[in-house]
Amino acid sequence: MRRRGHQAIDWVVDYLASIEERPVQSKVEPGDVAASLPLHPPATGESFDDVMADLDRVVLPGITHWQHPSWFAFFNSNTSGPSMVADIISSGLAVQGMLWQTSPACTEVETRMMDWLVEMLGLPDSFLSTGDGGGVIQDTASSATLCALIAAREQVSDFAVDQGGVQGKMTVYASSEAHSSVEKAVRIAGLGSDQFRHVDLDENLGIDPDALDKAIEADKAAGCIPTMVIATIGTTATTAVDPVAAIARVCQ
Ligand SMILES: Cc1ncc(COP(=O)(O)O)c(C=O)c1O
């Protein structure tokens, strides 16, 4: 494993060093990569060298290079040398962190890192694990939004939804520029997409706090239960930043 591991790291380092020589976007046609793969799983394993050769022959031509310095589509695919090395170590340890006992260091390092993040972002002390707060790393932005929405749903309903299911119209507010994962969370959380409100924007394409205020008041008058406002720091299409402080004042 040591020798093959070194070989794999060399492959990645060489790839990154020569990435500028490649076109940013893959030139293959749909189906080209699949056509290079056997239709059925091989009955026997192949040598490591053959697998590495397949990476160059089959996989690399079909890669669109997100780490290319001329990559300007969508958003950055966050990675770095340190994070790649950390991934190797993390995979090597391969612990499950669902309980403190299943790996004390996993729980305690994660908790302390989350507290560091609270400090680095200048969040209030109530976000710290030493009080009622404390973060947990989520696997994607989508599941982080879903977790936060479910927490809000239960806080607003005092855990009635957890027991009896959704009663009433629990409304959720976000910018009309918000990522589709926000509305998806509203659906998965069982609130219903009819309860999702796209709030009008200000001239900077962030949520207009007055429009938010009006939308919440109108919903309250109609008997809805305003449950959560989801602000975005850097929307996907325009990198607009919702005015979090003004939104918080409306919520309070
Ligand atoms: C602003 C924003 N939120 C959420 C997401 C969803 O991210 P993920 O794929 O990690 O669920 C994206 C992805 O582009 C995004 O740009």
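Points to keep in mind about this one:
- Any chance GLY234 is within 24 Å of the chain's Cα centre (by Cα) and either more than 16 Å from the ligand (Cβ to nearest atom) or modelled with pLDDT under 95 (or both): yes
- Scope the range 150-183; condition touching a residue at least 40 places away in the same chain (Cβ under 8 Å) and within 16 Å of the ligand (Cβ to nearest atom); matching residues: VAL172, TYR173, ALA174, SER175, GLU177, ALA178, HIS179, SER181, VAL182
- Of the listed requirements (1) in the same structural domain as TYR15 (by TED's automatic domain parsing); (2) within 30 Å of GLY5 (Cβ to Cβ); (3) open to solvent by less than 70 Å² (accessible area, probe 1.4 Å), VAL85 misses just one: (3).
- Only a single criterion out of (1) of a type outside the set (A, V, I, L, M); (2) closer than 26 Å to VAL85 by Cα; (3) not in a helix (DSSP H, G or I) is not satisfied by HIS40, namely (2).
- Residue selected from the range 131-149 under the condition part of a helix (DSSP H, G or I) and open to solvent by 60 Å² or more (accessible area, probe 1.4 Å), by the criterion nearest to the ligand (Cβ to nearest atom): ALA141
- Single unsatisfied condition, LYS220 versus (1) open to solvent by less than 60 Å² (accessible area, probe 1.4 Å); (2) at pLDDT 95 or above: (1)
- Any hit, the range 198-215, residues being touching a helix residue (DSSP H, G or I) at 6+ places or on another chain (Cβ under 7 Å) and open to solvent by 70 Å² or more (accessible area, probe 1.4 Å): yes
- Any hit, the range 115-127, residues being open to solvent by less than 50 Å² (accessible area, probe 1.4 Å) and either under 17 Å from the mean Cα position of the chain (by Cα) or among the hydroxyl-bearing types (Ser, Thr, Tyr) (or both): no
- VAL186 being at pLDDT 95 or above, within 16 Å of the ligand (Cβ to nearest atom) and over 18 Å from VAL244 (Cα atoms): yes
The values are calculated or read from the model by the stated rules, or taken from the named source; none is laboratory data. Because the structure is predicted, anything quoted here is derived from the model rather than measured. Virtual Cβ from ideal backbone geometry, glycine too; neighbours counted across all protein chains shown. Ligands, DNA and RNA are excluded from the accessible area calculation, which covers all protein heavy atoms including side chains. Shrake-Rupley method; radii C 1.70, N 1.55, O 1.52, S 1.80 Å.
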